[in-house]
Structures are given as structure tokens and as C-alpha cells.
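The values are calculated or read from the model by the stated rules, or taken from the named source; none is laboratory data. Computed from a predicted structure; not experimentally measured. Cβ coordinates were reconstructed from backbone atoms using ideal geometry, including for glycine residues, and neighbour counts include every protein chain displayed.
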Amino acid sequence: MQGRMIATCCAVALGSVIGIGAAWAATTHTVVQKGKDFWSSAMTFEMTVQAGDAIAFVNSDVYDHNVYSETPGNSFNIGVQEPGSTTRVALANPGVVDVRCRIHPKMKLTVTVE
């Protein structure tokens, strides 16, 4: 009985450490808004991230933006974002996320969450 109790405690502790480690491993990717467009580090309108990663939307434009997604499981709306501001959004669920700007409908970004 004592051996089972020790094994159970070790398994719970290990699970807690793994869970915490996963949170620490999350990455923040940067997407810049400039020229009424989205730009990632790869200079593309598509990007791939891991579930739990975040995207920092940086408004480097002279215009306000309102970045949002209505994708089920990863929906968000950062509201009006003024030039010079940064807003971070975490994407928790795997799938393809369609990101847009409510103010500039031609702005489109596709994020694949693995």
C-alpha cells in the first residue's frame, strides 16, 4: 500500500511539472500591422504556431486597427488598437484561424495552430 501511495504522489508531482513546463514552453510570435496589412517574420500572410502559443499584434501603422477572429475555439476581438500599441492573443486550440481587421476588411492572416 505504501509503495502505491509513493508512486501515485510521484505521478501527480511529475504531471504538475510537465504541465508547468508546457506553459513555460509557449512562444509569442509577432505580427506587425503596417500599410493596412499583416506582416509576420516570414513576410507572409500565413503562419503556423503551436497550441498555447500567442501572437503579439503590433500596430506599426498610422491607422487604428481592430484585429479579430470568429474561428470557433480561437475567437477573439482586441478592439480598436491605436498606432504604436501591442496586444497579445493566445491561441489554445488546433485548427486554421482566420484573422481579419474590422476596419480594413482586405487585411487577412491565416494562422494554422498545431
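Could you check residue 45 against (1) at positive phi; (2) in contact (Cβ under 8 Å) with a residue 60 or more places away in the chain and say which number it fails?
Just one mismatch for residue 45, condition (1).
Pull up the range 47-105, narrow it to residues that are in a loop (DSSP other than H, G, I, E, B) and among the charged types (D, E, K, R), then point me to the one that is surrounded by the fewest Cβ atoms within 10 Å (Cβ to Cβ). If you could, list the steps in order and put the result at the bottom.
Taking the range 47-105 as the starting set, the residues that turn out to be in a loop (DSSP other than H, G, I, E, B) are 50-53, 60-64, 66, 70-75, 78-80, 82-85, 91-94, 102-105.
Subset that is among the charged types (D, E, K, R): 53, 61, 64, 70, 82, 102.
Details: 53: 19, 61: 20, 64: 16, 70: 12, 82: 10, 102: 14.
So, considering only residues that are in a loop (DSSP other than H, G, I, E, B) and among the charged types (D, E, K, R), the one surrounded by the fewest Cβ atoms within 10 Å (Cβ to Cβ) is 82.
Could you say whether any residue in the range 11-32 is among the aliphatic types (A, V, I, L, M), in contact with a Lys or Arg (Cβ under 7 Å, 6 or more places away or on another chain) and at pLDDT 75 or above?
Going residue by residue through the range 11-32, those that are among the aliphatic types (A, V, I, L, M) are 11-14, 17-18, 20, 22-23, 25-26, 31-32.
Next, from what is left, pick out any that are in contact with a Lys or Arg (Cβ under 7 Å, 6 or more places away or on another chain): none.
Checked against the condition, which is being among the aliphatic types (A, V, I, L, M), in contact with a Lys or Arg (Cβ under 7 Å, 6 or more places away or on another chain) and at pLDDT 75 or above, the range 11-32 yields no hits at all.
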